[in-house]
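The values are calculated or read from the model by the stated rules, or taken from the named source; none is laboratory data. Note that the structure is a prediction, hence the values are computed from the model and not measured. No Cβ is skipped: glycine too gets one built from the backbone with ideal geometry, and neighbour counts run over all protein chains shown. The protein model used for the area step is the full one, side chains on, heavy atoms only, and it has no ligands, DNA or RNA in it. Shrake-Rupley method; radii C 1.70, N 1.55, O 1.52, S 1.80 Å.
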Amino acid sequence: FTDWLRGVIAFRSTRPPEQTHADIRAGLAECLRFGTTLVGDIASEGASWDALAAAPTRAVVFRELLGLTEERAALAAEACGQWLAGRRETATCRAGVSPHAPYSVRAGLFGLAGQLVREPKRPLAVHLAESLAEVELIESRRGPFVAFLKGLGVWDRDGMARHLTDVMTACDFRQPKLFVHGNHLAPSSRIPRNSTVVYCPRTHAAFGHPPHPFREFLARGVRVCLGTDSLASSPDLDVLAEARFVRARYPDFPGAQLLRMVTLSAAEALGWADEAGSLEPGKSADLVAVPLPDRDAPDPHELLLADHPGARRTMFRGRWRTSTP
C-alpha cells in the first residue's frame, strides 16, 4: 500500500495545474456519462470547486487536510478555514472538509476539522482503516508506514491518534460524516451517529483485502454506500459498475438494498437526500436510463445489476445531459 502511495505522490508531482484541471473536467464528464448526478469529491486544496460549481451535477467538494506535524497541521487548518470562508455555495455545490487519514493527519486536527464544518453543518470525510499497514502504525507505531513517513520528512510518533476509534470519536459532531473504506474496521466498531461507511468494492479487491464487513454494518443499522475511490485504484468512475461487482460476488445480497447503496444512501451520506437520491414528488428529476438485457426476470434488480453494454442517458434537473458512446 505504501508503495502505491509513493506512486500516487510521484505522479501528482508531475502534473502542472492546467493538466490537473483538465483531469478534473475529464473525470466529471466520465461521471455524467455513467449516470452520476451527485458527486462527492475529495480534492487537494479544493481544486475541483470551480469545475463542479459550474457543472450539471450536484456536488460536495471536500477540501483535503494533510498535516501530521504540529506546524503542518496548524498551516492546514488555517488554509482550510480561509478556503471555506471564500466559498460561495450554490444551489448545486456545497463545501466539505476531509482530514485525509490517521497516518497523515495529526490527532488534534480531526477535532479542528469537525469544528470547521460544525456551523453550517457541512459534511466531513476521512479515509479510515484502509490497510493493515495503517492499523499496525496506529496500534503499535510500527510497520511500512514508519519508513514511508520518515522518507517524506513528516514522521511524528506522538502526533498520531492512539486508536482508530479515537478518530471517529474526534469527528463525532452532528454533521454528516463519511468514513471511507473501513476495510479493517471490526464489525462491532461503534460508528458515530449520522455516519456512513463508504465501501469501494473494486479498489478493495485490487488490494486483496479480506471480505469487507459491509453486510455486518448494514445488519446493525449502519448506513453504507458505495464509492469508486478514484482512477488511481479503480478502472473507471462508474458507480453502477461497483454495484454490479458486489452483485457478482455476493449474488444472495438483496438487489433493492444494493441499489439503495448507490442512490438514496449516498444522497443521505452527502446531505442531499431532501433534493436527490430517489424519484419522489418534490425532488429533482435526476436519473439515469440504463439499457437492460433482452429478457424477463422475476426481480428487475437482476436485470439492472447484470453486466450489459449499451448507451446510458443521464438526466439532471429534468434535462437530458449526456449518453455513453
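Keeping every protein chain present and rolling a 1.4 Å probe, give me the accessible area per residue for the chain in Å². Before the final figure, lay out the partial values.
Values: 15050 Å² over 325 residues.
Averaged over the residues of the chain, the accessible area is 46 Å².
Please compute, over every Cα-Cα pair in the range 106-174, the percentage with a separation greater than 19 angstrom.
Counting pairs separated by more than 19 Å, the tail of P(r) holds 38 percent.
If the cut-off is a Cα-Cα distance under 17 Å, which lysines reach Lys121, setting aside same-chain residues fewer than 8 apart in sequence?
Excluding near neighbours in sequence, the set is Lys177.
Let me check I've understood the local charge: for Arg317, count other residues with C-beta under 12 angstrom from its C-beta, Lys and Arg +1, Asp and Glu -1. What total comes out? Don't skip to the answer; put the middle values down first.
Numbers: positive: Arg58, Lys283, Arg319, Arg321; negative: Glu275, Asp286.
Neighbour charge sum, excluding Arg317 itself: +2.
What figure in square angstrom, to the nearest 10, would you give for the accessible area of Trp320 with a 1.4 Å probe?
110
Hey, what number do you get for the chain at 222 nm if only DSSP H runs of n ≥ 4 count, each worth -39500 (n - 2.57), divided across all residues, to the nearest 500?
On the way: 14 runs with 128 residues, N = 325.
So the helix-based figure for the chain works out to -11000 deg cm²/dmol.
Can you tell me how the range 236-278 classifies by the Cα gyration tensor, rounded, prolate or oblate, using a/c under 1.5 as the rounded cut?
oblate
How high is the relative contact order of the chain, given as a whole-number percent (alpha carbon pairs under 8 Å, six or more residues apart)?
15 percent.
Per Stokes-Einstein, at 25 °C and 0.890 mPa s, what whole-number D in µm² s⁻¹ belongs to the range 71-138, with the Kirkwood radius over Cα pairs as the hydrodynamic radius?
After rounding, the answer is 188 µm²/s.
P(r) for the chain: what percent of alpha-carbon pairs falls in each 20 Å bin, starting at zero?
Calculated P(r), rounded to whole percents: 31, 60, 8, 0.
Which whole-number percent is the relative contact order of the range 2-150 (Cα, under 8 Å, 6+ apart)?
It rounds to 18 percent for the range 2-150.
Per the Kirkwood definition applied to all pairs of different Cα atoms, how many angstroms is the hydrodynamic radius of the range 1-104? Numbers along the way, then the final one.
Working: mean 1/r = 0.0674 Å⁻¹.
Computed over the range 1-104, the radius equals 14.8 Å.
For every other residue with a beta carbon closer than 11 angstrom to the beta carbon of Lys177, add +1 if it is Lys or Arg and -1 if Asp or Glu, then tell me the sum.
Net charge around Lys177: +4.
At 1.4 Å probe size, with no ligands or nucleic acids counted, give the accessible surface of Glu45 in Å², nearest ten.
130
Express the Stokes-Einstein translational diffusion coefficient of the range 219-325 in µm² s⁻¹, to the nearest whole number, given a Kirkwood radius over alpha-carbon pairs, 25 °C and a viscosity of 0.890 mPa s. Before the final figure, lay out each step's value.
Numbers: Rh = 15.1 Å.
The calculation lands on 162 µm²/s.
Sum up the charges of everything whose Cβ sits under 11 Å from the Cβ of Ser233, counting Lys and Arg as +1 and Asp and Glu as -1, but leave Ser233 out.
-1
Rounded to the nearest 10 Å², what accessible area does Asp274 show when all protein chains are kept and the probe is 1.4 Å?
The accessible area of Asp274 comes to roughly 130 Å².
Restricting things to Cα coordinates, could you compute the convex hull volume per residue of the range 54-106 in Å³?
67
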